[in-house]
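Note sheet for the following structure.
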Amino acid sequence: MAQIQVHTDCLSINLIAILIAQLDILADNVKNISRTKYQQSDKASEMMETELLDCIQHHKEILSCFGDVYQFLNITMFAQFLISTISLCLTLLELSVLSPASTHFAALIIYMSALMVELLLFCWWGNLLIVKSQLLPQAAFECDWLAGSITFRKNLSFFIFRAQKEMALYAVDFFKISLGSFVLILKNSYSFYAVLRRANNAATN
């Protein structure tokens, strides 16, 4: 079960990493569209337009892949975050009643650390995906658009407009997978732990 869990997490993170790599390639290709590469050609404008159209097609394919990844991770991530939050809460509660010198205490510390690292990995890569997608419009603006034709500028404007929508993963459309969500999960876990501890102390007394 542990191996299945690890492999599933690695697959999910690798899918996000592939999207990020494709966004980096696309941003670099758009940024390097320049008329100076075709100075000796009479069809420099047409070549620039063709290059931009290739980038637009690449962007469409990335969005299509993102849709598939989103559909795959949507429910999975919600279940993962919900279970991890409950596990963190219960682990903190159990740690509060154990002796720090016991081996069970050390095992729970390792288990809790593994949970936090697992959540952090998802949130880190999810946040990086958002950042990389937000850099696309800037990369397009840095190309040699002043030397392009009217058609080139119109297509570039369309690309920039479309690229302004960030690529963010959500857990069942409930909350965004980002570093902010990771901090929120830790806060909620501690809040639930505090409530359970007070209830446990009241029951004991």
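The values are calculated or read from the model by the stated rules, or taken from the named source; none is laboratory data. No experiment lies behind these values; they were computed from the predicted model shown. Every residue, glycine as well, gets a Cβ built from its backbone with ideal geometry; the counts of neighbours run over all protein chains shown. SASA here: full protein model, heavy atoms, side chains in, ligands and nucleic acids out. Shrake-Rupley method; radii C 1.70, N 1.55, O 1.52, S 1.80 Å.
Descriptive notes on the structure:
- Boolean, Cys55 is in contact with a helix residue (DSSP H, G or I) (Cβ under 8 Å, 6 or more places away or on another chain) and farther than 23 Å from Ala171 by Cα: yes
- All helices (runs of 4 or more DSSP H) inside region 102-191 with 1 or more residues being open to solvent by 20 Å² or more (accessible area, probe 1.4 Å) and over 30 Å from Glu46 (Cβ atoms): 103-134
- Filtering Ile62, Ile86 for residues that are in a helix (DSSP H, G or I) and either open to solvent by less than 80 Å² (accessible area, probe 1.4 Å) or of a type in the set (Phe, Trp, Tyr) (or both) leaves a single hit, Ile62.
- Once region 109-143 is narrowed to residues that are touching a residue at least 40 places away in the same chain (Cβ under 8 Å) and of a type in the set (Phe, Trp, Tyr), the residue that is nearest to Leu23 (Cα to Cα) is Trp125.
- Ala106 vs. criteria in contact with a strand residue (DSSP E or B) (Cβ under 7 Å, 6 or more places away or on another chain), of a type in the set (A, V, I, L, M, F, W, C) and either without any contact (Cβ under 8 Å) to a residue 24 or more places away in the chain or closer than 22 Å to Val30 by Cβ (or both): no
- Here Ser96 meets each of (1) touching a residue at least 24 places away in the same chain (Cβ under 8 Å); (2) within 24 Å of the chain's Cα centre (by Cα) with one exception, condition (2).
- For region 192-205, a residue qualifies if it is open to solvent by less than 40 Å² (accessible area, probe 1.4 Å) and modelled with pLDDT of 75 or more, and exactly one does: Ala194.
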